[in-house]
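Structure first, then comments.
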Amino acid sequence: MIATGPRSSGLIWLRRYLQGLGLAAVIAVAPSATAQVVSPLAPVTTESGHVAGQTLKSGVKAWLGMPYAAPPVQDLRWRPPQPIFWEGVWNADRLGPECIQVLRPHDINHYFGEEPTSENCLYMNIWSPGAAEADSKLPVVVFLYGGGGTIGSSGMDSYKGEELAKRGAVFVNFNYRVGLMGFMAHPELTAEQGGHSGNYAYLDQNAALKWIKSNIAKFGGDSDRVVIMGQSAGARSVTEQIFSPLSKGLFSGAVMSSGCTWNIATDSLADGEKTGLKAQELLGAKNLAAMRNIPADKILAIQSESQVGTKREGVKANGVIDGYFTPKSHKEILAAGEMSDVPIIAHYNRDETNSPFSGVKNLEDYNELAERIYGDKAKAFLKLYPAASDDDVAARATQIALDSRLAKNARDCAALQVKHNKSPAYVSMFSRKHSFAPGVDYADIDEKTIGAYHTADIPFWFGTLETFNKLRQGRAWTDTDRALSEKMMASLISFAKTGDPKTSDINWKPWSTSNDAALTLDAAIGTTPSNPAGIDFIAANPLPQAAPGVAPGRVPGTGPRD
């Protein structure tokens, strides 16, 4: 009989008992767990302890809800993550709770069902091919979720790794602290922690990457071929790992989707401490000890939130230059050449951003708006973004939005990589509109007009297209969609395996001044040349947040924040 540990006393004993009787050891677990028929795997020995996984119906091996650090509760609230060890066997048969956060509305595009939420949330999930063994040395993809730094979970169905594991990679994701729990600096914390505080979310990620480095071989992975990938705020997290000395050597490549910003300004520790003091004031707490005793929902109540149907002013904590995880500014780290030198992919979606031109419908309004914004420079602007008819306006508006933000940022990342590192950079743009099912209606998007929105690429990278049909018929996927997803998965696995995303289907060339273009991911895969003159013009003459005289509002096609 195996020793029992946390979450292991009932189900494992029953499985082993049935095996001893020679009966089928296939048990349907409760819907609140994995909602799949599974069969148990022999325990794997990790540095933290023994962990038992399962074989899914697809044949993929999975370990779900495995802790990689001690629960950050009580005195560990607002402390760097601490190691965890357990006796017996940890039964990793269900997802762990997401880190405490405001929950999502149920009528939005990216709602896939409710998840439990808790401060006790530092759990990891691993999917591995069915034939993988401890010496298989398979490429590893590690995903960091987005959510603006205040929401997000590794348990979202669109972030699962079963499909990539079917195709030969080990896939890992994990939860990390968000919001004030994940980022708050404070003078008392700084004194307590040796001169630094904040950045707990990034330190959680660093702890998970260290755990992966030490243990992933036991699950069939190669610790020297680990690609980290993040989307939106997750892409910012990947950037922070690239720039932190604490994470050097923990990964061999990096993918930043919708947020490759290497020259972004970061708050000082002093500014972060002011945010912490403001949080203390709003909570009415006497000191740090009192703040650690306040229920987590009270802390959520003072956070600034911006989601569909809600907008609440409050405190928002960000990453800081703490002198520890982030020792200095990105600019200084770049100048010193101190970031990790690994291949990168800087990726964005065609329709996930907007500009004052995004709502313009005809040529007359387009030209008139250019005159209002740029005055005597309007002629030069219109030469860079010409439109000869009403039909040209939408394409020009999309290009202006991209050149003002995401295309510019991705190109800047690639140029900085080429300048400061030896490893190559690759740039890509996802431009395929999802195949929405007839009659579907979401609160946060206009499915009739939306294009390749924020996060639209992720289910294609991971093969999780059917996620959108879990609770309602949200998509009517086509063979073209599925073929594109297959090509993108193969490219991601190739990047993890070799550092080069090129495959037999995708001739992806590294970015350079002579190849100043983005690979375009759509039904037909091609390239989209950069517009350096336009990018430089807008950088020198920034666009306003909204058109002069026009109230800002939701522009169809911008997509949900995730």
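Residues checked against (1) more than 18 Å from MET156 (Cα to Cα); (2) touching a strand residue (DSSP E or B) at 6+ places or on another chain (Cβ under 8 Å); (3) small (Gly, Ala, Ser):
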residue: LEU465; (1), (2), (3): no, yes, no
residue: PHE468; (1), (2), (3): no, yes, no
residue: ARG472; (1), (2), (3): no, no, no
residue: ALA476; (1), (2), (3): yes, yes, yes
residue: SER485; (1), (2), (3): yes, no, yes
residue: SER494; (1), (2), (3): yes, no, yes
residue: LYS497; (1), (2), (3): yes, yes, no
residue: THR503; (1), (2), (3): yes, no, no
Worksheet item: Cβ-Cβ below 6 Å, separation at least six or inter-chain, first residue in segment 243-255 and closer than 19 Å to PRO510 by Cβ, second aromatic (Phe, Trp, Tyr) and buried (at least 22 other Cβ atoms within 10 Å of the Cβ): which pairs?
Response: GLY253/PHE495
Worksheet item: Does any residue in segment 320-341 that is modelled with pLDDT of 95 or more come within less than 6 Å, Cβ to Cβ, of a residue that is of a type in the set (Val, Ile, Thr) and assigned to a helix (DSSP H, G or I) six or more places away or on a different chain, and which pairs are these?
Response: MET339/ILE242; MET339/ILE333; SER340/ILE242
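Let's see how each residue does on (1) assigned to a loop (DSSP other than H, G, I, E, B); (2) more than 19 Å from GLU188 (Cβ to Cβ); (3) among the aliphatic types (A, V, I, L, M):
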| position | (1), (2), (3) |
| --- | --- |
| SER237 | no, yes, no |
| LEU246 | no, yes, yes |
| ILE264 | yes, yes, yes |
| LYS274 | no, no, no |
| ILE333 | no, yes, yes |
Discussion item. Looking at (1) part of a loop (DSSP other than H, G, I, E, B); (2) at negative phi; (3) modelled with pLDDT of 95 or more, which one does LYS497 not meet, given that it meets all the others?
Written reply: (1)
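Can you tell me how many residues within segment 156-197 are under 16 Å from VAL73 (Cα atoms) and of a type outside the set (D, E, K, R)? Can you show your working first?
Within segment 156-197, the subset under 16 Å from VAL73 (Cα atoms) is 175-184, 189.
When the remaining residues are screened for being of a type outside the set (D, E, K, R), the result is 175-176, 178-184, 189.
The total comes to 10.
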Practice prompt. Output the number of residues of segment 369-390 satisfying the condition of being in a helix (DSSP H, G or I) and either surrounded by 13 or more Cβ atoms within 10 Å (Cβ to Cβ) or touching a residue at least 60 places away in the same chain (Cβ under 8 Å) (or both).
Written response: 13
Worksheet item: Got a sec? Which of LYS286, LYS278 is surrounded by fewer than 20 Cβ atoms within 10 Å (Cβ to Cβ), part of a loop (DSSP other than H, G, I, E, B) and at pLDDT 95 or above?
Response: LYS286
Practice prompt. Return the residue satisfying two criteria in turn: it lies in segment 467-498 and is over 19 Å from HIS347 (Cβ atoms) and charged (D, E, K, R), and of such residues it is farthest from the chain's Cα centre (by Cα).
Written response: ASP479
Worksheet item: Can you tell which of ARG292, ARG225 is surrounded by fewer than 24 Cβ atoms within 10 Å (Cβ to Cβ), basic (Lys, Arg), more than 23 Å from LEU76 (Cβ to Cβ) and in contact with a helix residue (DSSP H, G or I) (Cβ under 8 Å, 6 or more places away or on another chain)?
Response: ARG225
Item to complete: Go through segment 78-133 and give me each residue that's in contact with a strand residue (DSSP E or B) (Cβ under 8 Å, 6 or more places away or on another chain) and small (Gly, Ala, Ser).
Response: GLY88, ALA92, GLY96, SER118, SER128, GLY130, ALA132
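The values are calculated or read from the model by the stated rules, or taken from the named source; none is laboratory data. None of these values were measured; they are calculated from a predicted model. All Cβ positions, glycine included, derive from the backbone under ideal geometry; neighbour counts span all protein chains shown.
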